[in-house]
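Heads up: the structure comes next, in structure tokens.
The values are calculated or read from the model by the stated rules, or taken from the named source; none is laboratory data. In this text, all values refer to a predicted model and were calculated from it rather than measured experimentally. All Cβ positions, even for glycine, are placed from backbone atoms using ideal geometry, and neighbour counts span all protein chains on display. When the accessible area is computed, the model is the full protein with side chains, heavy atoms only, and any ligands, DNA or RNA have been set aside. Shrake-Rupley method; radii C 1.70, N 1.55, O 1.52, S 1.80 Å.
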Amino acid sequence: MVFGETKINDVAPIIRNDRTMLPARFVAENLGADVKWDNDTRKVKITKDDITIIITIDSQTALVNGKAIILDSPAFIENDRTYTPLRFVAEKLGADVEWNSETQGVIITK
């Protein structure tokens with residue numbers, strides 16, 4: 001759920017290192033951000049207002065407005081999708097993330 005509205009993705013989330021991973025575009029665009037993929041550098045650039053997030057595939061470090069932040073689960077590509085840590089991206093875009101263990105669901109609020 002994003003802001004009280006159920007969102008459906010065409011691929012299931014993947015759990016890696018106890019972290020919920022979803023395609024970058026699905027998460028960011030549902031939070032009103034723009035997403036660009038650079039195939040040459042294998043980087044995802046997410047922008048919204050004055051926030052810029054750069055995530056490099058297989059890197060433990062992401063950049064948020066130029067500041068390096070360690071990821072507890074690096075982004076990866078699977079089935080032509082760039083999976084990124086849901087909580088990291090959502091929170092950096094100003095949202096709150098709650099895990100519901102009973103339903104195995106994620107609720108995103110702002």
**Item:** When residues of the range 33-49 are limited to those that are in contact with a strand residue (DSSP E or B) (Cβ under 6 Å, 6 or more places away or on another chain), farther than 16 Å from residue 81 by Cβ and not acidic (Asp, Glu), the one least open to solvent (accessible area, probe 1.4 Å)
**Value:** 33
**Prompt:** Within the range 86-106, can you find the residues that are under 15 Å from residue 7 (Cβ atoms) and in contact with a Leu (Cβ under 9 Å, 6 or more places away or on another chain)?
**Reply:** 86, 89, 90, 93, 95, 97, 106
**Request:** Would you mind telling me which numbered condition in (1) among the polar types (S, T, N, Q); (2) in contact with a strand residue (DSSP E or B) (Cβ under 7 Å, 6 or more places away or on another chain); (3) closer than 23 Å to residue 98 by Cβ residue 17 fails?
**Result:** (2)
**Request:** Output the number of the condition that residue 5 fails; it satisfies all remaining conditions of (1) acidic (Asp, Glu); (2) closer than 20 Å to residue 105 by Cβ; (3) touching a helix residue (DSSP H, G or I) at 6+ places or on another chain (Cβ under 8 Å).
**Result:** (3)
**Message:** Going by what's in this entry, would residue 25 be described as under 27 Å from residue 5 (Cα atoms), surrounded by 14 or more Cβ atoms within 10 Å (Cβ to Cβ), in contact (Cβ under 8 Å) with a residue 60 or more places away in the chain and among the basic types (Lys, Arg)?
**Reply:** no
**Complete:** Within the range 89-110, the count of residues that are surrounded by 14 or more Cβ atoms within 10 Å (Cβ to Cβ) and either in contact (Cβ under 8 Å) with a residue 60 or more places away in the chain or touching a Lys or Arg at 6+ places or on another chain (Cβ under 8 Å) (or both) comes to 8
